[in-house]
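A.B. asks: Would you mind keeping the following structure in view while I ask a few things?
The values are calculated or read from the model by the stated rules, or taken from the named source; none is laboratory data. Just so it is clear, the model here is predicted, and its values are computed rather than measured. When we count neighbours, we look across all protein chains shown, and the Cβ atoms used for this are built from the backbone with ideal geometry, even at glycine. The area values use the complete protein model at the heavy-atom level, side chains included, leaving out ligands, DNA and RNA. Shrake-Rupley method; radii C 1.70, N 1.55, O 1.52, S 1.80 Å.
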Amino acid sequence: MNKYKEYTMKLRKTPSGRHALSLTVALLGSSLLVGCFDGSSSPGSSQAGIDPNLFPADGNFEAEIRRTTNGIPHIKADNLASAAFGHGYVQAQDNVCVLAESFIKARSERAKYFGPGEDNINIINDFSFKAQEILSGAKAEFPKLSAESRALVEGFTAGYNKYVSETDPGTLPAECRDQPWVMEIEPTDLLAHYRIVGQFASGARFATGLVFAAVPPGESAEPVSAQPLAGSSETSEYEFKVADAARRNAREIKSFSNMGLASNAWGIGAELTESGKGALLANPHFPYTGQLRLYQTQLTVPGYLNVNGAGLLGTAIPLINFNENLAWSHTVTTSRRFTWYELELKPGDPLTYIKDGVEKPITSKTLQIEVNVGAPEPVIFERTFWFSEYGPMLAPNEANDSFPEWGGTGLVNGKSAAYTYRDANANTSGLLDTWLGMSRATNLDEFKSVFRECGTTLWTNSTYADDQGNAYYIDSSSVPNLSEAALAVLEFKRTASPDFNELFESDITLLDGSKSRDDWVEGDCAGLVPFEDKPQLQRTDWVQNSNSSYWSTNPDQFLTGFSPLFGAENAPINMRTRLGIKMLQNPTDPGLDPNTIPPAGQDGKFSAQDLINTIWNNRAWYAEQFLPELLERCDVVASPVNVPQGLLPSDPEVTSPGTQDVTAGCNALNGWNGTFDLTSKGAHLFRAFIDIYNRSFPDDLQTEFDPTDPVNTPADPSTDNRGSADDPMLQSLAAAMVLLQDANIAIDSALGDVQYYQPTGGVPPGVDPVNAQALSARIPWHGGDGNVEGAFNAIGVVDSDFAEGTRIPRVNTPEYTGMTESEEEFRFAGGLSANSSEGWAIARGASWHFGLEFTDEGPQAYGLLSYSQSTDAESDFFVDQSLRYSQKDARKLFFTEEEIEQNLITGGKFTISN
């Protein structure tokens, strides 16, 4: 018996906690026991023909791990599976609790381990993910994976399992110490996690209530116990009222596309770099907690792969990367990743719909989950869900009053209707192949080939630069491929019906399910828009994206004529995009403060250090546009300014003093340099001012948007009442002063005294978040809110009791809020805490960020992972990079063998094997 088979025959603990003897049978499509590989189980390989670049010939994974400054792992192995094995191991070392919770989520077992959750959210999630086939779909996908994806998935799984199996549960971080849900996983659990990541901007939006609440007339949305009582034919006495909570959650969805994520990315071509080669600015703005944290690593398989970058936790290969020849970053796109369908129901039959005159069934599945009710064993509950040919049924009426209940009069054909959706990212089996292909590319043509072959980056754009001086942009996301006829009808409906267009503008693409005309064109890319029809631009000066439409990638060459599902053309762009383009068009302009380093220095040519400094210049669009005008008005105002009560928060209520002398506020802003640096005094006052002004006086600008000049329009505050007690700008400043006074924050404080990063947690899922605690001292944090003041280096406050995408508790602070006329809640000043003197607790924004330039010596890059590598409060890598970020202390991103060996940390070099 060889070593591989000896490893597979062992007692292992199953997810139920029991022990079972496992013997892996090496058959194509069989589920391999984690930690091992048998070549005959991989497509395209056999015992006699294993690809040595992908798998170890003897089935034994082995990787050399070298940690350099700040704990960055550089993983070297003889094959891809072993490199992924090392990657899984180090990710577990640094982030085991977040990973373990992610796998529990993907298996629909949150309610089993954490209980029903607040407002039964764990029950809703678990059932919804089962309806969306997160785990069952992964199991169906797994045998079909490419050999490359199998290598990455199996290797990463084995590395994660090695760490979990060899680590004393009592020594794990507090968030998962001695928890039964930290266990070895199967490769399909990892693949299921990828399905959730892939659907983050689509199906996951529906997993909080829209899928759960969808039931035909006469059916209940409540789950029922499926477990008999001991010695009885009756079922358990436990019951949960879940449906109302699902409906409330659906009602709380503010946007079906805005995920609260942002990023900046610049590809700089040969014309604008010091070296005459390409350069890249990468600046994702992601959450600092939970599943969407990024993790930096370098993976090296000599002769096959050598890439340095960062990926979301759990991804077996980094995602925002560079290699010897090229580099890229991602930004969340304006594209749409799903379409809704209105089904025309057969009269009198809510479970049959008619398409092209043919009757089709709405099918059903009864699904089960386990729920921890505090008894010795979890209780099994079940619920029936319904499906069309497109996917799960939806209850859109719970999110938007325009829609009828199931069976009501539809919006498309005026007949009895029900609603469903198709998700462009329902199948993520090619996820790893896409990023592996990008990472192995050596030039632009090879990079493009990944997308020619239907590769997709799910919900992001890609911005690229290379050593040949090319700058390239593509919306590489998954977008439904509609026929010309379907697009023509969609455009006609938007033009003819303001109500239909309002739905479209609210991110709902509603199609006619009674006609195959509106089905996706399958083509070569399984219903997705092919490469040649995607927005893309190649230049030798620059391309950029900061989450506005592809249209304005470079205003010297507008991109037009694409499917409206990619985003708007000839439409206003966001403030970060306007500022970014302004800096690219004026690379030697420092902005308001002449002491600020210009984006490209004095020579107008970008280097790697110029690009990281550009991220950290902390300029803000609204400051550069409105501060001079506001100060001019300050100079002419001669009386106290009126403060209408409607400009101030209602919860907690801040009472207007009636009038407010703005002299002190004007003085504070007069001494501000217009940036959001730690030493900037008055920056937070401007944030409160511009937030109140933009929301309270949305029609005050005189110069309307001009599609020929998207950077500089709209603009120019109205001169009505200029300098008077009723001047909208001065009233907003006065209200901002009143707000900060109520928060007990001095208007002339330095930003670093009132804005900070402080990781929190320390308790496991299932524990009341009120018990979460601070895990470090407050770290002063530079940057501004991209949504409020239009800061390029965007950061922000997160209103959540849990780490992003998890049920791991965190400290959340109360915010000042108000209510719109349509009774939608909004927050003041980008999430200013209502606790006295607390300020802004930052929990999202600049994360993995760097500036890179290709030189004759290879890629030179400087950057940081702002929140550091580890979520373990006892790790040396918990806040070490956070302290560097606070001080703008970029580190060199080591890439060569010489750099790695010269910068090893103590004890940072070791080899692992299975």
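A.B. asks: If you stretched the chain out fully between E898 and S364, how much longer would it get, using 0.36 nm times the residue separation minus the C-alpha to C-alpha distance?
C.D. replies: 186.3 nm
A.B. asks: With each label point set 7 Å from Cα along the Cα-Cβ vector, what nm distance links S220 and L631?
C.D. replies: 6.7
A.B. asks: Considering only DSSP states other than H, G, I, E and B, which trypsin sites (Lys or Arg not before Pro) in segment 242-322 qualify as loop sites with at most 16 other Cβ atoms within 10 Å?
C.D. replies: Here the sparse-neighbourhood loop sites are K254.
A.B. asks: Taking the Cβ of A270 as the center, what net charge do the other residues with Cβ under 14 Å away carry, scoring Lys and Arg +1 and Asp and Glu -1?
C.D. replies: Taking every other residue near A270 into account, the sum is -4.
A.B. asks: Can you give the relative contact order of segment 564-695 as a percent, counting alpha carbon pairs under 8 Å and 6+ residues apart?
C.D. replies: Dividing the mean separation by the residue count of segment 564-695 yields 19 percent.
A.B. asks: For A57 and I905 in the same chain, what is the full-extension length gain: residue separation times 0.36 nm, less their Cα-Cα distance, in nm?
C.D. replies: Length gained, A57 through I905: 302.1 nm.
A.B. asks: Going by average Cβ neighbours within 10 Å, how do the peptides 711-717, 527-533 rank, with the highest at the top?
C.D. replies: Put in order of decreasing packing, that is 527-533, 711-717.
A.B. asks: Using alpha carbon centroids, what distance separates segment 668-699 and segment 166-223, in Å?
C.D. replies: 41
A.B. asks: At 1.4 Å probe radius, can you tell me the per residue accessible area of segment 639-779 in Å²?
C.D. replies: 41
A.B. asks: Further question: Using +1 at the C-beta of Lys and Arg and -1 at the C-beta of Asp and Glu, which of G209, L99, T855 has the Cα lying farthest in the positive direction of the dipole of the chain?
C.D. replies: L99
A.B. asks: Could you tell me which residue out of V754, G845, S822 lies farthest along the dipole of the chain toward its positive end? Charges go on the beta carbon: Lys and Arg +1, Asp and Glu -1, centred on the Cα centre.
C.D. replies: G845
A.B. asks: A follow-up question, please. Take the cross-link list K493/K582; K130/K254; K139/K162; K277/K448; K112/K139 and give me the ones stretching past 27 Å between alpha-carbons.
C.D. replies: Table pairs above 27 Å Cα-Cα are K493/K582.
A.B. asks: Quote the FRET efficiency, to the nearest 0.05, computed for T703 versus N744 with a Förster distance R0 of 45 Å and r equal to the Cβ-Cβ distance.
C.D. replies: About 0.70, to the nearest 0.05.
A.B. asks: Roll a 1.4 Å probe over the protein chains and send me the accessible area per residue for segment 391-505 in Å².
C.D. replies: Normalised by residue count, the accessible surface of segment 391-505 is 35 Å².
A.B. asks: What ³J(HN,Hα) values, in whole Hz, does the Karplus curve 6.51 cos²θ - 1.76 cosθ + 1.60 give for segment 187-194 when θ = phi - 60°, with x put for Gly and Pro?
C.D. replies: x, 5, 5, 5, 5, 5, 4, 5
A.B. asks: Between the alpha-carbon centers of segment 722-781 and segment 396-458, tell me the distance in whole angstrom.
C.D. replies: About 38 Å separates the Cα centre of segment 722-781 from the one of segment 396-458.
A.B. asks: What distance in nm separates the simple spin-label points at V770 and E857, each placed 7 Å from Cα in the Cβ direction?
C.D. replies: Distance between the two pseudo-spin positions: 5.8 nm.
A.B. asks: Between E653 and T69, what is 0.36 nm times their sequence separation minus the Cα-Cα distance? Round to one decimal in nm.
C.D. replies: Roughly 205.4 nm would be gained on extension.
A.B. asks: Quick one: Karplus J couplings for segment 480-487, per residue in order, coefficients 6.51, -1.76, 1.60, θ = phi - 60°, nearest Hz, x for Gly and Pro?
C.D. replies: Karplus-based 3J(HN,Hα) across segment 480-487 equals x, 9, 8, 5, 4, 5, 5, 5 Hz.
A.B. asks: In segment 83-153, what GluC sites (Glu not before Pro) fall in a loop by DSSP, with at most 14 other Cβ atoms inside 10 Å?
C.D. replies: Answer in residue order: no site qualifies.
A.B. asks: Please report the spacing between the Cα centers of segment 840-892 and segment 280-338 in Å, no decimals.
C.D. replies: Taking the Cα centre of segment 280-338 as reference, the centre of segment 840-892 is 14 Å away.
A.B. asks: According to a simple spin-label model (label point 7 Å from Cα along Cα-to-Cβ), what is the distance in nm between E389 and N501?
C.D. replies: Inter-label distance under the simple model: 3.2 nm.
A.B. asks: Each residue of segment 880-896 in order: what ³J(HN,Hα) in whole Hz does its phi give by Karplus 6.51 cos²θ - 1.76 cosθ + 1.60, θ = phi - 60°, with x for Gly and Pro?
C.D. replies: Each residue of segment 880-896 in turn: 4, 6, 5, 5, 5, 4, 4, 9, 6, 10, 5, 10, 5, 8, 5, 10, 7 Hz.
A.B. asks: Still on this structure: Determine the share of the chain's accessible area contributed by carbon and sulfur atoms, expressed in whole percent, with a 1.4 angstrom probe.
C.D. replies: Summing carbon and sulfur atoms, their accessible area is 46 percent of the total for the chain.
A.B. asks: For segment 801-867, which GluC sites (Glu not before Pro) pass both filters: DSSP loop (anything but H, G, I, E, B) and at most 10 other C-beta atoms within 10 Å?
C.D. replies: Listed in order of number, the matching sites are E821, E823, E824, E857.
A.B. asks: Sorting check: for 312-325, 567-580, 727-740, 649-662, which peptide has the highest mean count of neighbouring beta carbons within 10 Å, and how do the rest follow?
C.D. replies: With the highest mean Cβ count within 10 Å placed first, the list reads 727-740, 312-325, 567-580, 649-662.
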